[in-house]
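One structure is given below, encoded as structure tokens.
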Amino acid sequence: MKRTSKIYFLGLFVAFLSSCESFEDLQLDPNRPVQAEPSLILTQIETNAFSSVSLGAALASRQLIYTNSLSENQYYGWQRASFNDYNQLRQVSKLAEEADRKDNGSYRALALFFEANYLVELSQFFGDIPASEAVLGGSGNFSPIYDPQERVYLSVLEKLEEANSFLGPESGEILGDIIFNGDILKWKKLINSFHLRVLMSLSIKENNVSLAVADRFDAIYSNPTSYPIMTSNQDNGALVYVDIEGNRYPTFNSNELRTAYYMEKSFIDRLKSLNDPRLFVYADKETNGRNLDDFDPTAYSGLGGADALSTNTNLLLEGVGSPIDSRYHSDPVNQPSLLMGYAELEFIIAEAAIRNWISADPRVHYENGIRASMEFNGVSPKDTEAYLSQESVQLGDSDALERLLTEKHTAFFMNTGWEPFFDQRRTGIPEFSLSEEIINPSGIPKRWMYPQSEIQLNLSNLNEALDRQFGGDDDINGVPWILKP
Amino acid sequence: MEKAYRFCLKILVIFFLAGLAPWSAWAQSQLVGVVVDENSAPIPGVSILEKGTLSGTVTDLDGKFTLEVDAGATLVFSYIGYLTQEITVTEDRILDVQLFPAVTDLEGVVVTALGVEKNVKSLGYAVQEVDGERFKKAREPNLINSLTGQIAGLQVNNTTALFQDPQISLRGARPLIVIDGIPSTDNDYWKVNADDVESINVLKGATASALYGAIGRNGALMITTKRGGQGTQVEINSSTLFQPNYLVVPEVQTTYGNGDNGQYAYIDGSGRGTEGFGWIWGPRLNQPDPSTPSGFVEVPQYNSPRDPNTGELIPLPLISRGENNIRNFFQRGLISTNNINITSGTENGSFRISGSNVYQKGLVPNTELNNTSFSVSGGYKISDKLSTDASITYNRQYTDNFPETPYGPENYLYNLVLWTGVDVDVRDLRNYWVEGQEGFQQKHFNNTYYNNPYFQAYEYLRGYYKDNTFGQVKFDYQISPELTLTARTGLNNYALDRTDKEPKSYVKYGRVSRGNFYIYNSAQINMNTDLILNYSKRFGENWGLNANLGAANRFVRFRSESINTDGLAIPNFYNVANSEQPLSGSNSLTKEKINSAYFSADIDFMNAVFLTLTGRNDWVSTLPVANNSFFYPSVGLATTVSDFLTMPSFWDFAKVRMSWSQVADGRISSNPYSHIQAYSTGINWNGNPSLFFPGSLVNPTIRPETSDSYEIGLDNRFLGGRLGIDLTYFQIRDYNNLISVPVSLASGFSSRLENGAEFKRSGFELMFNALPIQTSELTWEVNLNFSTYKRILTESFDGTDRFGNLTVGERTDQLFSSSQFQRTPEGRLIIGNNGFPIRDPYQRSMGFSNPDFIFGVQNRVTYKGISLGFSFDGRAGGTIYSLTSEKMWWGGTHPGTVNQFRDDANEGQNTFVADGVVVTGGEVEYDDFGNILSDTRTYAENERPINYIAWNKTTLNADLTHYFDASFVKLRELSISYQLPQQLLQRTFLNTANVSLVGRNLMLWSNVENIDPDSGVDNLQTPSVRNIGFNINLGF
């Protein structure tokens, strides 16, 4: 072998050894960006925050029943809920961070709004929650303290106030907005309407001086220039589904919704007794009624949410019991999901009027709310007016709140998350049936237990919150601050 | 558990005693003959000496010899690495001799890290070698399956389904696979054909594999492929294994059919109403009804004809037709393996060419696997100083359809056993399209939840096409007598095409498909290059030094792309251009690199004390540049005690070995960019892309994680090499671990990537080898191995005593469940006022996933040309969760559900009273983790009757937790081989011929019903099968 070829062969190996890119080059991940446009984060947050179709809520709110097993939502046997919303709050904090980087006040305002939205949701579920120290893991705080619920709500009200004030014609362009396509006025309307919802959720705290819910409510309601609010279904905070993989109606093609969810009896009975045209868009005919006309109310029936599972399944096997309308599982688009809708706002205003927080005619807003709900569900104006003209539907004086909140409950079917349950918890309206079959001995729970992970990872702060609220016990029947007069 | 333990112990004791029992030798005579090895392959170069004289000979290339010798003389047959045999010559003029390897070969060499061959005696750590011959006859689908039970400390969990990787762990972690000195980190267990394997040497600890760096941290399986020898040989090896019946198959009840609460009538296949929502809680079958034409109760069924006048379905008798659905649907599997190889060589070089095909037919109709390999290898001495060796293998694994296995409507058992009442006969489903809707709608009794298994087998096609190319080139250059330079580069490449064809109406979890075509392609290039300078010299009589100085580079590039349709416009036209809605897809590219420099030094003294030192420095791309360089050392010492001490005469040899090593790993996960905090791509909403920030926070100053291992071992040989006992204790401290520390979600993150926590892995390994009988005609060889392993948390993070749901000092392989029911301290269920048990809000530990010990026993009995092999292996202890059991109780197919309560529930009566108590007073107080602090509860027997069906649906039968003892013992292999005698072959062109009858996976003893615990997990597993067949091996 010649010397040259030896050198060549050595050289080849040296070349291999020093091959390819430098270590610095390999520190760049070609698959993931380290910086993001706020618009890209906004899109993700919106798909989550506006996605509110919840079968669990429909079961707990006596709108649906479930037949595949004893549902913990239907029979009130739930225990822990999750802190998943903090994953979204992380996105929100990133949105705020990238908004600062871009110096865009609009994204900053939206970040405040979403922060308020998630904090309220968490607090509604648990009571006290980490808020002031939450989402600070990036700066090293891994065991945030829990804030008392009152402080959470006060900070939420501030954030909403601020969010509205940040938004204006000069605050910056909003891109990646799949809800309002960057329409700043619509965002202001949603933020202020949501503000009113938060205030109404505090109705039990009417007399709390620092909250001053009635005054705050009136300040917004009576100043539409500074605080525009929704005026039609066009203003709905709505996520519109699209017939594309991942963008479809959440229960589209759901086998369980097709076979294991049925309409609840008290709900169907109410729709039937009031000749509510929404019966035909919420429910399908029961097996026994399959040969009857679609608009014959006798073809529809419900099953008792508090009745034994075997009682309900036996009735179904006999052909009794309406499933949910097929559009909820067979229409890939069906209807939008609402973070908050116009109908809800009108019902809130009507309630404020009844409570004398504002001066307004509750009847007008009550009827606006019903019209908006009918329109949202595709009921014709003619059928809507016929419905409204019935005496049983009109808002009396004695049972105004009862009537109003019942209508609100009907309107909430499959669109606004756990709001029907929270409203009922606040007002007791409408009544949710109970029986010996209910798992929780105290009936309808008042809250959810904190997640197991908090025991493992944030125990002392958790215990402090439990001591402060419930004498140390994490109990679904513990009464959180928001429900204490 | 008890049973399995006792069985294991008995086996251990029997073989131990057998090994110690003294057996006397017999004798025989004269004088042409052939000398063969334990596998009946001829051995060239065996020395044959007439005892007490100088006359003798050696065997030729075919192992043959001729010798002039008288009857009565004693011949001594010796060959390195084999037990020497003395045979007295009789009047007979033909003498065939079989030699057996010394149970462990002291002078033999094994391949250690970087392909360096070392004397077994000099090793400071445990190794165990398995001869490739062992895998050739009783074939497994892949090489790793064949290692089950063979190696102390290596656990192989064998899966039951076609083309599923076995899970392997060596001392609790997955070892590196090395092929001819080149690390193969793609973990493809299918690409090396067993016919090409010379041996597999298992380097058990980090010390053994420290020179591979981080990838060798958990030991290594060193696969050495075959090379050619001198002369020319052709070998044909052919095995066919049939799968004639099941070892374990789920047994379901055949009393009740589809439906719910005892009722069923088909309407339209939606599952709704009287169809019973897909449950198997239907009516009793075969009930007489004199009023119907058939004499049985009749209801409308999915295959009812329609009345031409009314259009209504005509009722059919509700009888049990499908009792043999499993056997009727599944076909008999088959593994057929064929190899031909040619070797040829001279003094200067040799080559080997090999071609193999493995064909496997699955249990599921229309499923199969093909695995084809071609390889060429060879070496050549170019000059006195330069020699070279190279090998390359092309391997293709391909199938148009292999079954999907996790629980769900894609699982065959799900559709066939779990969720089909026996009122349906699977054979009636063979024509799987609804008439007139071919391509659009499958025919089944329930179109919402389940797939027609035939429809699934013939229309839902999962293709897999993988091309592997791997090989290496090595040059050795002798610079001077002491100095050698070795350069080697190796390559592992693959390209994988995966396609899934999903027909319209195919049911997936929670949805019915509109037809889809999924493509997933990936490719990897993996290069490893070493440059090693070796210095070897003896100093005086007693001292020797062997030192290596090396540099290495490792580079891996991986890319993948996927593209999916969203609905198919034209049914059964599988092309992305046929998508109804916009296509979706993603792709990824990763690159990583490690540069290393290393040394090793072996110093020996008097050929009895051996010291080995190694050190390696890595520079990795998978950590921030500031922290990417790190060094780690190892040291090993081996001492042959028997050379210094006077040992009892039966004790031939005793060696003590000990070693310590440190290995650091700078790789956080399979994604080489894991140390970079970045956004991930989120949902695309109607053309708007999005990003989200992941929940794992990365500490920018993370350092590599490190393992310190030490082991100590004792190697003993007794009775002239006929008995060997080798015991090892190892302990590994894993620290600075790159861990995801779980944090409160309220911090905005779910975990933070940090260095922290400390784990201790430890265990014992015993290898026991014996030749209880050894005569020239009859031998019995036993190999037994036994090992224990456990891993505990020794230190948490940030000074706390908890890490996730573990407390310091606890085993880390606990199986936690957060879906248990509350129980009294005595373990009785606590029942609520509705008659159902109350959920336990706390997480509970249900057992350990790792066994207490694992063992394997291999036996070989040889009598003249006939060889009988049988081996057992098993695991004792450990817990397995059976999803099959849970779902059978839930859905109504478990035979245990056939009882009066069920009949009562069918009648609408609530008669089942759960075995449990109700709390009548008092209070219980828990600590934060659910442990009882004080308990003043008083109880009364539960008396509330409930509906039996609701009980099972809601609690999955809370009488059981569905966690089972995972202990088992398996008769892994039984084989009988016959070596055709040389006299017979002399007149043919054949040199050797061997026929074998083989069986694998023949018997199982376990405490779990319906599943084979060998797999370690149960996600509704495929039935486990026996393999029985034959092997023919010819050489010419």
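Over the range B:328-389, what is the relative contact order in whole percent, taking alpha-carbon pairs under 8 Å and six or more residues apart? Don't skip to the answer; put the middle values down first.
Values: 120 pairs, mean separation 19.1, N = 62.
Relative contact order for the range B:328-389 comes out at 31 percent.
Farthest toward the dipole's positive end in chain B, which of B:I182, B:P244, B:N338, given Cβ charges of +1 (Lys, Arg) and -1 (Asp, Glu) about the Cα centre?
Positive-end residue among those listed: B:I182.
Got the relative contact order for the range B:32-102 handy, in percent, Cα pairs under 8 Å and 6 or more residues apart?
Details: 159 pairs, mean separation 25.6, N = 71.
Normalised by residue count, the contact order of the range B:32-102 is 36 percent.
Relative contact order, percent, of chain A when contacts are C-alpha pairs under 8 Å separated by at least 6 residues? Provide the component values of the computation, followed by the final result.
Working: 738 pairs, mean separation 102.1, N = 485.
It comes to 21 percent, rounded to a whole number.
Which ³J(HN,Hα) values, rounded to whole Hz and listed in residue order, are derived for the range B:159-172 from phi using the Karplus coefficients 6.51, -1.76 and 1.60 in 6.51 cos²θ - 1.76 cosθ + 1.60 with θ = phi - 60°, glycine and proline given as x?
7, 9, 8, 5, 6, 10, 5, x, 9, 10, 9, 10, 6, x
Between the range B:260-324 and the range B:818-837, what is the separation of their alpha carbon centroids in Å?
The range B:260-324 and the range B:818-837 have Cα centres spaced 38 Å from each other.
Kindly express, to the nearest 10 degrees and within the range 0 to 90, the angle between helix A:85-102's C-alpha long axis and the longest C-alpha principal axis of chain A.
Once rounded, one gets 60 degrees.
Based on the Kirkwood radius over alpha-carbon pairs, what is the Stokes-Einstein translational diffusion coefficient of the range B:309-368 at 4 °C with 1.567 mPa s viscosity, in µm²/s? Write out the running numbers ahead of the final one.
Working: Rh = 17.2 Å.
Once the numbers are plugged in, D ends up at 75 µm²/s.
Starting from one equal scatterer on each C-alpha and no solvent at all, send me the Debye-based log10 I(q)/I(0) for the protein assembly as shown at q = 0.06 Å⁻¹, two decimals.
So the normalised log intensities are -0.70.
Tell me the mean residue ellipticity at 222 nm calculated for the protein assembly as shown from its helices only (DSSP H runs of n ≥ 4, each -39500 (n - 2.57), averaged over every residue, nearest 500). Could you put the intermediate results ahead of the total?
Working: 29 runs with 291 residues, N = 1521.
Roughly -5500 deg cm²/dmol at 222 nm, from the helical runs in the protein assembly as shown.
Looking at this model, which pairs from A:K408/A:K484; A:K102/A:K186; A:K285/B:K501; B:K137/B:K864; A:K186/A:K272; B:K51/B:K537 are more than 26 angstrom apart at the alpha-carbon? Walk me through the numbers before you get to the answer.
Details: A:K408/A:K484 23 Å; A:K102/A:K186 22 Å; A:K285/B:K501 37 Å; B:K137/B:K864 19 Å; A:K186/A:K272 36 Å; B:K51/B:K537 37 Å.
The answer is A:K285/B:K501; A:K186/A:K272; B:K51/B:K537.
Looking at chain A, which longest stretch skips every one of the trypsin sites (Lys or Arg not before Pro) that is in a DSSP loop with at most 13 other Cβ atoms within 10 Å, leaving the sites themselves out? Before the final figure, lay out each step's value.
On the way: sites that count: A:K2, A:R290.
No qualifying site falls inside A:3-289, the longest such stretch.
First check a/c for the range A:219-271, with a ≥ b ≥ c the square roots of the eigenvalues of its C-alpha gyration tensor; if it is under 1.5, answer rounded, and if not, answer prolate when a/b is larger than b/c or oblate otherwise. All intermediate terms of the calculation are to be shown ahead of the outcome.
Numbers: a/c = 4.75, a/b = 1.63, b/c = 2.92.
Here the range A:219-271 falls in the oblate category.
Excluding residues fewer than 8 places away in the same chain, name every one of the aspartates and glutamates whose C-alpha is closer than 13 Å to that of A:K382.
A:D276
Hey, which of these cross-link pairs are over 18 Å Cα-Cα: B:K136/B:K226; B:K593/B:K760; B:K474/B:K593; B:K191/B:K466; A:K159/A:K446?
Values: B:K136/B:K226 13 Å; B:K593/B:K760 29 Å; B:K474/B:K593 21 Å; B:K191/B:K466 10 Å; A:K159/A:K446 26 Å.
Going by Cα-Cα distance, B:K593/B:K760; B:K474/B:K593; A:K159/A:K446 fall outside the 18 Å limit.
Compute the long axis of helix A:105-126 from its Cα atoms, compare it with the longest principal axis of the Cα atoms of chain A, and write down the angle in degrees, 0 to 90, nearest 10.
Helix A:105-126 sits at roughly 60 degrees to that axis.
On a 0 to 90° scale, report how tilted helix A:38-49 is relative to the longest principal axis of chain A, with both axes built from alpha carbons and the result rounded to the nearest 10.
40
Please list, by residue number, every one of the trypsin sites (Lys or Arg not before Pro) in the range B:525-570 that is coil in DSSP and has at most 10 other beta-carbon atoms within 10 Å.
Working: sites: B:K537, B:R538, B:R554, B:R557, B:R559; in loops: none.
Of the trypsin sites (Lys or Arg not before Pro), not one in the loops of the range B:525-570 has a Cβ with at most 10 other Cβ atoms within 10 Å.
Give me B:K953, B:K501, B:K118 sorted ascending by neighbouring Cβ count inside 10 Å, so fewest comes first.
On the way: B:K953 24, B:K501 20, B:K118 17.
The fewest-first ordering by Cβ neighbours comes to B:K118, B:K501, B:K953.
Quick one: B:W190, B:W951, fewest Cβ neighbours within 10 Å first, how do they rank?
Numbers: B:W190 19, B:W951 26.
Arranged by neighbour count, lowest to highest, B:W190, B:W951 become B:W190, B:W951.
Values quoted throughout were computed directly from the atomic coordinates according to the rules given, and no laboratory measurement underlies them. Worth saying up front: this structure is predicted, and the values here are computed from it rather than measured. Cβ atoms come from the backbone with ideal geometry, glycine included; neighbour counts cover every protein chain shown.
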